[in-house]
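One structure below.
The values are calculated or read from the model by the stated rules, or taken from the named source; none is laboratory data. As the structure is a prediction and not an experimental result, all values here were calculated from the model. Cβ placement follows ideal geometry from the backbone for every residue including glycine, while neighbour counts extend to all protein chains displayed. Accessible surface is based on the protein model in full, side chains and every heavy atom, while ligands, DNA and RNA are left aside. Shrake-Rupley method; radii C 1.70, N 1.55, O 1.52, S 1.80 Å.
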Amino acid sequence: MSAATERQPTVSPPSLKVLIVGAGFGGIAAAIELRRHGITDIEILEKASDLGGTWFYNSYPGAACDVPSHLYSFSFAQRLDWSRLCSAQSEIHDYLRDVARAQQIDRLIHPHNTVTSCSWDDTACNWTVETEEGSTYHGDVLILATGQLHQPARPRIDGAETFAGHSFHSAEWDHGYPLAGKRVGVVGTGASAVQFIPEIAPEVERLTVFQRTGNWFLPRENRRYPPLVKAAIQRIPGVQAFRRGFMFQYCEAITVAIRHPRTFGRIVHARSSAFMRLQLKDSELRAKVWPNYTFGCKRVLFSSRFLPALARPNVEVVTEPIVRMTPEGIVSADGVAHDLDCVIWATGFKTNDFMFPMEIVGSAGRDLREYWSGGAHAHLGMTIPGFPNLFVMYGPNTNTSGGSIVFYLEMQASYIRQALKALRARGAGAIEVRPEVEAASDRALQARFEGTAWTQCDSWYRDEGGRIVANWPGYMREYRERTEQLVAGDYRFMPAPDRAPLIGSQK
Ligand code: NAP
């Protein structure tokens, strides 16, 4: 841990009770930041049996981060001994566990707590949180750190329930089911499929990949660091910091390409095309997998192993749409029946649902699902009018196509801490973003998408109405500039109720 860990608390007294939902990178970042600044009465509710969020659930073969680990890690807990550029799931999960333990966050986590509802009491100025397991928690402040990518999405396909083989989602990998020698179908070719297909292709008898849309690729071998490189990172002062800084700028450059598809985007597009041509020697396969949309509109994928895996003799790519499932397998629009023993859904997540199906009821009974029926929006992705003392982490428009989400989460944790500090400084009971501020920031944010690659195709970044609700439209540095200093004038502060401080929780 760096010296930052030793920083002295700046907020006192520590009498705010904070409930955090989700023990992934976001929830852990928030808990660390608050504790360091003297807010120590924190409970973290987690539906899984362990912390980790994404890195707990996504354990499919080959699961790894596609953002370099020196950047995809907390600034205050930099590791010098990552085994490779982009670490595997287990290494990231271990890292998160180590950080939580070192920062004494692990003891704040209540596993097996699936939050079903959160409701704000205007009189008592507090949140009541209920769980599926029958527990009730109360807190002055609620932080929803459930992220955008935690509820597996499975397409509705006619006859799916009749399929007699085995099936599971990539985020719920069935490690007990041996794939060796089986006829396996993979539906979807997004970031997850691209990582596990090269791993499973050599062991299955036959792999049928159902692709709806192709992807743009950039190379990534991701071999283990040679001992010399590892030693340099560990022993030469500044090497690690330099790498982190370099990767930050590299990621920002990807955002430049996405923001400027006609200029810089063309250069990176040319680089991607050249790489893909080199990898796809077979012209028929190349035509099948070639993307038909602007570079950067969907997530650009980094892999030097996926396209060659598709060229294996036991792998077939099907681009005909899926029309139905039968007990034997999948039937595509050309009438071909693909007989399968197992179907793996690599079909992503219900990204527009954010924290739902949780019921969130704010001030004067305002229901978040109704409030967001026209599309999710929040000031800097975190605060929502009518929802006092509620903060969302990895909320609307804070996903990144190029950068590290951990960077955004750290900025959010710091912003939330500043908000709570402002609340305490005023002796107020609640803080709520002004509706006109939130509306103006949302308008400005949406306008920033104009002319970018993100607007040039359909993707999971959009909601049903076509609004881009997942992504931040700019650079990491811009998000830092916007969140580094909380503007207190953007918020209303409500008086504290006349009551004794909350103590403990009821279960
Ligand atoms: P995804 O990117 O949303 O990909 C889902 C895939 O399923 C797409 O190819 C999609 O096709 C396809 N699909 C969806 N519905 C379908 C249907 N009805 N029929 C046929 N195909 C269908 O999901 P993901 O791969 O799980 O990745 C989700 C996100 O997680 C990524 O974008 C990334 O942000 C994150 N992730 C990150 C890493 C990392 O290394 N950091 C690794 C994995 C995932 P269309 O493209 O046509 O919609």
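Projecting label points 7 angstrom from Cα along Cα→Cβ for residue 50 and residue 292 puts them 4.3 nm apart.
Taken about its Cα centre, segment 253-306 carries a charge dipole of about 120 debye when Lys and Arg each add +1 at the Cβ and Asp and Glu each add -1 at the Cβ. Placing +1 on the Cβ of every Lys and Arg and -1 on the Cβ of every Asp and Glu, with no other charges, gives segment 236-345 a dipole of roughly 900 debye about its Cα centre. The residues of the chain have, on average, 42 Å² of accessible surface per residue, using a 1.4 Å probe with all protein chains present.
Calculated FRET efficiency, residue 15 to residue 154, Cβ-Cβ distance, R0 = 41 Å: about 0.35 to the nearest 0.05. Rounded to the nearest 500, the 222 nm mean residue ellipticity of the chain from helices alone is -8500 deg cm²/dmol, with -39,500 (n - 2.57) taken per DSSP H run of at least 4 residues.
Straightening the chain between residue 283 and residue 199 buys 27.8 nm, computed as 0.36 nm per residue apart minus the Cα-Cα spacing.
On the beta carbon distance between residue 267 and residue 123, with R0 = 51 Å, the FRET formula returns roughly 0.30. Take residue 350 and residue 242, extend 7 Å from each Cα along the Cα→Cβ direction, and tell me the distance between the two endpoints in nm. Placing both labels 7 Å beyond Cα along the Cβ direction yields 4.9 nm. The Cβ shell under 12 Å around residue 461 holds other residues with a net charge of +2, Lys and Arg each +1, Asp and Glu each -1.
Which residues does the label zone of residue 252 cover in segment 360-402, counting backbone N under 15 Å from a point 7 Å along Cα→Cβ? Zone members listed by number: 402. Between residue 274 and residue 324, full extension at 0.36 nm per residue minus the direct alpha carbon distance yields a gain of 14.4 nm.
Approximating the spin labels as points 7 Å out from Cα along Cα→Cβ, the residue 116-to-residue 175 distance works out to 3.0 nm. Hey, got the dipole for segment 362-507? About the Cα centre, +1 on K and R Cβ, -1 on D and E Cβ, debye to the nearest 20? Dipole size: approximately 520 debye.
Computed from the Cβ-Cβ distance with R0 of 45 Å, the FRET efficiency linking residue 81 to residue 478 stands at 0.90. Binning the C-alpha pair distances of the chain at 10 Å intervals from 0 yields a P(r) profile of 4, 18, 28, 26, 16, 6, 1, 0 %, listed from the shortest bin outward.
Which net charge results when you count Lys and Arg as +1 and Asp and Glu as -1 among the other residues whose beta-carbon is under 15 Å from that of residue 191? So the environment of residue 191 carries a net charge of +3.
Taking the DSSP beta bridges with both ends in the chain, the antiparallel portion is around 45 percent. When each full DSSP H helix of the chain is screened for a Cα extent of at least 24 Å along its own axis and an average Kyte-Doolittle hydropathy of at least -0.5, the helices passing are 239-259, 405-425. Taking amide H positions as modeled 1.01 Å from N, with prolines and chain starts lacking one, the residues under 5 Å from residue 367 and 5 or more places away or on another chain are 362.
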